[in-house]
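The values are calculated or read from the model by the stated rules, or taken from the named source; none is laboratory data. Just so it is clear, the model here is predicted, and its values are computed rather than measured. Positions of Cβ are generated from backbone atoms using ideal geometry, with glycine treated the same way; all protein chains shown enter the neighbour counts.
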Amino acid sequence: MTDARLLDDLVARGLVQECTDQAGLAARMAEGPITVYNGCDPTADSLHVGNLLGLLVLRRFQEAGHRPLALVGGATGMIGDPSGRSEERNLLDEETLAANVAAIKGQISRILDLSGGPTGGALVDNRDWTEGVSYLDFLREVGKHVTVGTMLARESVKNRMASEHGISYTEFSYMLIQANDFLQLEQAHGCQLQVGGSDQLGNMLGGIDLIRRVRQRPAWALAWPLLTAADGTKLGKTTGARIWLDPARTSPYQLFQHWMATDDRQIGQFLRQFTLLPLTEIDELLAAHEAEPGRRAAQRRLAHEVTALVHGPDEAVTADRVSDLLFGADPTEATATQLAAVGREVPSLALGAGELAGELDLADVLARDEFLVASKGEARRAIAQGGVYLNGARVGEGQALTDGDLLHGRYVLIRKGKKAYGLIDAGANGV
């Protein structure tokens, strides 16, 4: 993709709300590869889907021949960014911060190619050039170039000053540290472009101005709109449950289901912004979706593409299959890996070694430790009413559970009613 086409593509995907001197940026990119960076603060041990948007913008630049830098804010994460917040962030201790940084670096490396070469990306941590700098040195090298009036004019600062919580000097200093990040990356890596959400634009402008004053060199910023709900309301960083990139926090199946639940009003936006699919292919998907919206084919493709980006193609296939299994697909056609994944999403009951050497009363199994019902009586009533299914087949009264019911010598998928699933795990060696 040529440089002009890359910027046009970003615009078409709705990823450009603000761009400082877009014509100048296009001219600079036409001269040769540009180094671009996006940052995130390690406030948790996982990134979330909001961070994924920035990583995918870096990925788009990388695939167009440019060099991406993914910054993990080990320094800025210690003080907190006032942008988009109404109150002070809790400060993290150094041990927690270090663990968060290490975890996040692993997630970034799954999205960006860090193998080296002309477009080989790099992971950078602003603590590397911030730690050890004295307060007086920072004021001399950075503070003297920034006026208080400029800092007070930033929208994020004005909003916080007007709030009941106010803003501490710690968070007020955040923009100076982030501006210095841009300067340090320009000096060390020739980085001339920062990308981020529109709430970061003020901080990005501070970096551009600092580079101009200190280095007498041009730099650019590109900001995308903040994510909103389908009705247009803002999605705050701390409102609602986050969808994490760490599979221990949000499993591949849960990530898949998050995108399957995408509102029709946003399916086009999310396909353009959260996948690497060509725009022509997305247009074809949307046309097919409009013709048969009930099939939710566009949502399924979105879910598959994002899950594959975050967790890999195999996990995406498994999540897709688990989704089918929990909505009525034939479990006898599932692989052992897929059934094991089902067991991570629904109640699971482990049977002891040798328990299935004979027969087990199914009602007793369903009620064991309240696996799927509260009592044997409830289990018997559900079976008598035809509401219990074993590996997709309806269970009859008096039916027992035997080793012949095991799938792959290990699993039995039970369903009670339309939606209550449970997985019996008889162990790796079956009986």
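Values computed for the structure shown
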item: Answer residue from segment 19-54, given it is in contact with an Asp or Glu (Cβ under 8 Å, 6 or more places away or on another chain) and among the charged types (D, E, K, R) and is surrounded by the most Cβ atoms within 10 Å (Cβ to Cβ) among those; result: ASP41
item: From the options ALA367, ALA400, ALA374, ALA350, residue that is touching an Asp or Glu at 6+ places or on another chain (Cβ under 8 Å) and loosely packed, with under 14 Cβ neighbours inside 10 Å; result: ALA350
item: Complete set of residues in segment 177-198 that are of a type outside the set (S, T, N, Q), assigned to a helix (DSSP H, G or I) and surrounded by fewer than 19 Cβ atoms within 10 Å (Cβ to Cβ); result: ALA188, HIS189
item: Test for LEU58: is it part of a loop (DSSP other than H, G, I, E, B), among the aliphatic types (A, V, I, L, M) and in contact (Cβ under 8 Å) with a residue 60 or more places away in the chain; result: no
item: Pick from segment 55-74, criterion buried (at least 22 other Cβ atoms within 10 Å of the Cβ) and of a type in the set (Gly, Ala, Ser), ranking: modelled with the lowest pLDDT; result: GLY74
item: Pairs where the first residue, in segment 132-157, is within 15 Å of PHE182 (Cβ to Cβ) and in contact (Cβ under 8 Å) with a residue 24 or more places away in the chain and the second is surrounded by fewer than 16 Cβ atoms within 10 Å (Cβ to Cβ) and small (Gly, Ala, Ser), C-beta under 9 Å, 6+ apart; result: none
item: Members of segment 166-181 found to be closer than 15 Å to ALA221 by Cβ and not small (Gly, Ala, Ser), listed by number; result: MET175, GLN178, ASP181
item: Considering residues of segment 160-170 that are in a helix (DSSP H, G or I) and free of Cβ contacts under 8 Å to residues at least 40 places away in the same chain only, the residue nearest to LEU183 (Cα to Cα); result: TYR169
item: Condition met for GLY14 (at pLDDT 95 or above, farther than 28 Å from LEU277 by Cβ and surrounded by fewer than 20 Cβ atoms within 10 Å (Cβ to Cβ)); result: no
item: Some residue of segment 211-231 being assigned to a helix (DSSP H, G or I) and of a type in the set (A, V, I, L, M); result: yes
item: Answer from LEU226, LEU210, LEU286 - the residue that is more than 26 Å from THR76 (Cβ to Cβ) and either surrounded by fewer than 22 Cβ atoms within 10 Å (Cβ to Cβ) or of a type outside the set (Phe, Trp, Tyr) (or both); result: LEU286
item: Residue check for MET204: within 27 Å of the chain's Cα centre (by Cα), assigned to a helix (DSSP H, G or I), closer than 26 Å to GLY32 by Cα and at pLDDT below 95; result: yes
item: Search result, residues across segment 25-51 that are part of a helix (DSSP H, G or I), farther than 18 Å from LEU201 by Cα and not acidic (Asp, Glu); result: ALA26, ALA27, ARG28, MET29, ALA30, VAL49
item: Which numbered condition GLY386 misses (of (1) modelled with pLDDT under 95; (2) on the phi > 0 side of the Ramachandran plot); result: (1)
